[in-house]
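Below you'll find the structure, written out as structure tokens, and then a few comments.
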Amino acid sequence: MDPALRGPDPTVDLEAGFARHRRELHVHCYRMLASVADAEDAVQETYLRAWRGREGFDGTHLRAWLYRIATTVCLDAARARARRPASAAEVAWLTPYPDTLLEPASAEEEPDALVVARETIELAFLVALQVLPPRQRAALLAREVLGLPAKETAEMIGTSVAAANSALQRARETLRTHLPSHRDDWSVQEPNPAEKELLDRFIAAHERNDAAAALAAAAEDIRVTMPPAPFCFEGHDRLRTLLDRAFGPDRDGDWRLLPTGVNLMPAAASYLRRPGDTVFRPFKLDVLRVEGDRIAEITTFGWSWFPALNLPPTL
């Protein structure tokens, strides 16, 4: 341990403390920025700012101090984007968060990992957050997700209690108009039998090239997005067009799918075997949002996320 990484209180080990909270800081930055790569950059910058500002740290409440720094870093990064999206299709920087990243790397990280695992990183929530101005986004996360009181929220985002409360109220009002479900509980719900059944039906329909079965599992107003591409397909008719292309006689090949976990949501990794090939190769990653007994939304990402999900290179 480099003595320079210690704060004024010699009993406080900033390096060990940062390592202990790194996972939850990473998830916090991901919620703020909706990108795993940007979250990683923000966490690294948080560490650097903590090291540079170590002389100003009084040795108490290390977690809160690190969260304040991380939030400031994310506010700077969010403002640098210079614009906010008006719809899900405009969040070009959205990336999935592999569930494998939530697994604790050590016994020291386990308590924080359990806390993180109970807080939502649902894609619809992440997209709706991006519509908010950065300070409102931070205020809502502090109060609704982290459960901080008004005073600590104000300190974390660098403003007064009155201003923080005002930002929170405006954020709540805006979020209600952008979320597909008007919900107030941001904790993770255990996967229910309907979600598991729908994922199984989604996989089976693809492997049988069965467009009718895939449509039957989808809500009438289903939405399909494909970040970073600005595409948004809404409703059965638009979905049918996609399915005809994927499953019809002129399709590119045959499918095999593996269930996986992304953003604590059901997901399927698709592999395609093209004509003349002998193996199924990585093609896409579909993340499903389920409402009731239907798939309400599919967010499709590229296959580059397969290694992070510990998925095989071919089938």
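Using the structure shown, decide if Tyr30 is within 19 Å of Ala124 (Cα to Cα) and in a helix (DSSP H, G or I).
In short, yes.
Among the listed residues Leu48, Leu66, Leu101, which satisfies the condition of being at pLDDT below 95, in contact with a His (Cβ under 7 Å, 6 or more places away or on another chain) and either part of a loop (DSSP other than H, G, I, E, B) or in the same structural domain as Gln130 (by TED's automatic domain parsing) (or both)? Explain how you work it out, then say what you get.
Working: Leu48 fails: in contact with a His (Cβ under 7 Å, 6 or more places away or on another chain); Leu101 fails: in contact with a His (Cβ under 7 Å, 6 or more places away or on another chain).
When all the criteria are applied, what remains is Leu66.
Among the candidates Gly248, Gly276, Gly302, single out the residue that is on the phi > 0 side of the Ramachandran plot, without any contact (Cβ under 8 Å) to a residue 60 or more places away in the chain and not basic (Lys, Arg).
Within the list Gly248, Gly276, Gly302, the selection yields Gly276.
hydroxyl-bearing (Ser, Thr, Tyr) and touching a strand residue (DSSP E or B) at 6+ places or on another chain (Cβ under 6 Å): does that describe Thr225? Break it down into steps so the answer makes sense when it comes.
Details: hydroxyl-bearing (Ser, Thr, Tyr): yes; touching a strand residue (DSSP E or B) at 6+ places or on another chain (Cβ under 6 Å): yes.
Taking the combined requirement at face value, the residue satisfies it.
Out of Arg79, Arg83, Arg135, Arg143, report the one residue that is farther than 24 Å from Leu264 by Cβ, basic (Lys, Arg), buried (at least 18 other Cβ atoms within 10 Å of the Cβ) and at pLDDT 70 or above.
When all the criteria are applied, what remains is Arg135.
Residues in segment 148-173 that are part of a loop (DSSP other than H, G, I, E, B), free of Cβ contacts under 8 Å to residues at least 24 places away in the same chain and farther than 13 Å from Tyr67 by Cα: how many? Give the steps one after another, and end with the answer.
Kept after step one, since they are part of a loop (DSSP other than H, G, I, E, B), are these residues of segment 148-173: 148-149, 158-160.
With the extra rule that they be free of Cβ contacts under 8 Å to residues at least 24 places away in the same chain, the set shrinks to 148-149, 160.
From the residues that got through so far, the ones that are farther than 13 Å from Tyr67 by Cα too are 149, 160.
Residues in segment 148-173 being part of a loop (DSSP other than H, G, I, E, B), free of Cβ contacts under 8 Å to residues at least 24 places away in the same chain and farther than 13 Å from Tyr67 by Cα: 2 in total.
Quick check on my filter: what residues within segment 69-98 are more than 22 Å from Leu123 (Cβ to Cβ), among the small types (Gly, Ala, Ser) and in a helix (DSSP H, G or I)?
Ala80
The values are calculated or read from the model by the stated rules, or taken from the named source; none is laboratory data. What you are looking at is a predicted structure, and each value in this text was computed from that prediction instead of being measured. Neighbour counts run over all protein chains shown; Cβ positions are idealised from the backbone, glycine included.
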